[in-house]
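The block underneath contains the structure these notes are about, expressed in structure tokens.
The values are calculated or read from the model by the stated rules, or taken from the named source; none is laboratory data. Source: prediction; values computed, not measured. Cβ placement follows ideal geometry from the backbone for every residue including glycine, while neighbour counts extend to all protein chains displayed. The protein model used for the area step is the full one, side chains on, heavy atoms only, and it has no ligands, DNA or RNA in it. Shrake-Rupley method; radii C 1.70, N 1.55, O 1.52, S 1.80 Å.
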Amino acid sequence: MWTIPNIITIVRVLLIPVFVFVYFLDWKWAHQAGAFIFWFAAITDWFDGYLARKLNQTTAFGAFLDPVADKLIVAVALLLITHSYANIWITIPAVLLMSREIYISALREWMGQQGKQDLVKVSFSGKAKTMAQMLALTGLLSEMEYFMGVQIYWVSLGYILLYFSAVLSFWSMLVYTKAAWDDQKSTPD
């Protein structure tokens, strides 16, 4: 259980309360510091998976905890941006993204109980959604449209990537659902 990738994943989970605490500090750069912590946690997600494969340290616990850690930190980030922006243009894609995560988790659990988890394993569209979502959340959490007087478009890019990730999220949900549906139709009762 105490492999390097699992320890990195546990650190990612432990960063969640730190991320929230820093984000709400009464400090000029609190949102940017919170966005940095979120970004760092997002990078560790890639890094722990890479190390698990490279060091041949994949474990059942890691396979369980890694997606849970991802969903937890993304859900918290989505809640924070809906709180900070308090507008429908953020709330709608945030609700869609969170709803999709719950649905896919349940679908994977159900297919896993039938021994068919490979039908709903992470696909390219799911990975692309995650990357777009992490970049969107980092930009929106930072609330930085300008840096040192220069327009950097972080928030604008965040909006665009949030909608892009919502579309990819819906698409990947349809792909996973179709795979499960087709399997269930072909399975005799």
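Scan region 67-80 and give yes if some residue there is at pLDDT below 90, surrounded by fewer than 19 Cβ atoms within 10 Å (Cβ to Cβ) and under 16 Å from the mean Cα position of the chain (by Cα), otherwise no. Looking through region 67-80, at least one residue is at pLDDT below 90, surrounded by fewer than 19 Cβ atoms within 10 Å (Cβ to Cβ) and under 16 Å from the mean Cα position of the chain (by Cα). The C-beta contact set for region 68-81 (first residue within 17 Å of Phe24 (Cα to Cα) and touching a residue at least 12 places away in the same chain (Cβ under 8 Å), second residue of a type in the set (A, V, I, L, M) and open to solvent by 10 Å² or more (accessible area, probe 1.4 Å), distance under 7 angstrom, 6+ apart or interchain) comprises Ile73/Ile16; Ala75/Met98; Val76/Ile16; Val76/Val20; Leu78/Met98. Within the bounds of region 116-135, is there any residue that is free of Cβ contacts under 8 Å to residues at least 24 places away in the same chain and more than 27 Å from Asn6 (Cβ to Cβ)? Checked region 116-135: no residue is free of Cβ contacts under 8 Å to residues at least 24 places away in the same chain and more than 27 Å from Asn6 (Cβ to Cβ). Set side by side, the residues Thr91, Thr138 differ, and just one is hydroxyl-bearing (Ser, Thr, Tyr) and without any contact (Cβ under 8 Å) to a residue 12 or more places away in the chain, which is Thr91. In region 123-132, is there at least one residue being of a type in the set (Ser, Thr, Tyr), under 19 Å from His31 (Cβ atoms), out of contact with any Cys (no Cβ under 9 Å at 6 or more places or on another chain) and open to solvent by 30 Å² or more (accessible area, probe 1.4 Å)? Scanning region 123-132 turns up no residue that is of a type in the set (Ser, Thr, Tyr), under 19 Å from His31 (Cβ atoms), out of contact with any Cys (no Cβ under 9 Å at 6 or more places or on another chain) and open to solvent by 30 Å² or more (accessible area, probe 1.4 Å). For region 52-66, indicate whether the set of residues that are within 26 Å of Arg100 (Cα to Cα), modelled with pLDDT under 95 and open to solvent by less than 30 Å² (accessible area, probe 1.4 Å) is non-empty. The answer is yes, given that some residue of region 52-66 is within 26 Å of Arg100 (Cα to Cα), modelled with pLDDT under 95 and open to solvent by less than 30 Å² (accessible area, probe 1.4 Å). When Trp89 is tested against (1) modelled with pLDDT of 90 or more; (2) closer than 23 Å to Asp45 by Cβ, exactly one condition is not met: (2).
In the condition set (1) under 21 Å from the mean Cα position of the chain (by Cα); (2) at pLDDT below 95; (3) more than 19 Å from Phe38 (Cα to Cα), Leu96 is compliant with all but (2). Here the condition is being among the polar types (S, T, N, Q) and under 19 Å from Val68 (Cβ atoms); of Gln151, Gln117, it holds for Gln117 alone. Once region 137-160 is narrowed to residues that are part of a loop (DSSP other than H, G, I, E, B) and farther than 18 Å from Gly34 by Cβ, the residue that is least open to solvent (accessible area, probe 1.4 Å) is Gly149.
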